[in-house]
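One structure is given here, and the rest of the page talks about it.
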Amino acid sequence: MTTHPTDRIFPVLIQALTAALAAALALPGCGDDNEARAAGAAMAAAHVPPAIDGTLARWKQAGLTVSAFDDADGVKYGGGACKAGSVSGVDTVVCLHADDAAAAAAVDAARAAVGLTDGLAVAHGRLVLVMADRRKADPQGRTINQASKLFARRA
């Protein structure tokens, strides 16, 4: 039995198209808010991510005042399972995403949520850190700087 060259290419092409479609559907803005909210809620309900707990513990060990972090709606931060609280008076949200690419794609939405307030939105691995100093608790930016450096050094 002879095979035609397209017999080998066709399955690879199908795999590539399927992967591209899955990636496109995972982007923020695809689907409706209810789908993103449901996906984030499902991830949050599964467990409290150890990566988020580790980040909070590092901030505490460094002497930052860390409030309780509770579940937050991740839709305005680009999706994911989010926890919100404050770090030394600065509003803070940490979101866990399905993979590094989803976290990186969520940064623009997270920056939009910060708005014109002093703050930041950065991704590191599967996590996105969002900080906004809406109460002007960190006028020189030291808390935001320290928290973001500790976030980037996470294990």
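Any read-out appearing in this document is the output of simple, stated calculations on the displayed coordinates, not a laboratory observation. The model shown is predicted, which means the values in this text are computed figures rather than measured ones. Counting neighbours? That spans all protein chains shown, and the Cβs are built from the backbone with ideal geometry, glycine included.
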*Residue list for the stretch 103-125, restricted to those being touching a strand residue (DSSP E or B) at 6+ places or on another chain (Cβ under 6 Å) and more than 17 Å from D73 (Cα to Cα)*: A104, T117, G119, L120, V122
*Return the pairs, sorted by first residue and then second, in which the second residue is part of a loop (DSSP other than H, G, I, E, B) and charged (D, E, K, R), the first residue lies in the stretch 57-84 and is farther than 12 Å from V128 by Cα, the beta carbons are less than 8 Å apart, and the residues are 6+ apart or on different chains.*
R58/R153; R58/R154
*Within the stretch 96-130, track down each residue that is part of a strand (DSSP E or B) and small (G, A, S).*
G119, A121, A123
*Restricting the search to the stretch 134-155, which residues are part of a helix (DSSP H, G or I) and hydrophobic (A, V, I, L, M, F, W, C)?*
I144, A147, L150, F151, A152
*Among what's in the stretch 60-83 and is among the aliphatic types (A, V, I, L, M) and either closer than 15 Å to F151 by Cβ or in contact with a Ser or Thr (Cβ under 6 Å, 6 or more places away or on another chain) (or both), pick the residue that is surrounded by the fewest Cβ atoms within 10 Å (Cβ to Cβ).*
A62
*When you scan the stretch 126-140, how many residues do you find that are in contact with a strand residue (DSSP E or B) (Cβ under 9 Å, 6 or more places away or on another chain) and surrounded by fewer than 17 Cβ atoms within 10 Å (Cβ to Cβ)?*
3
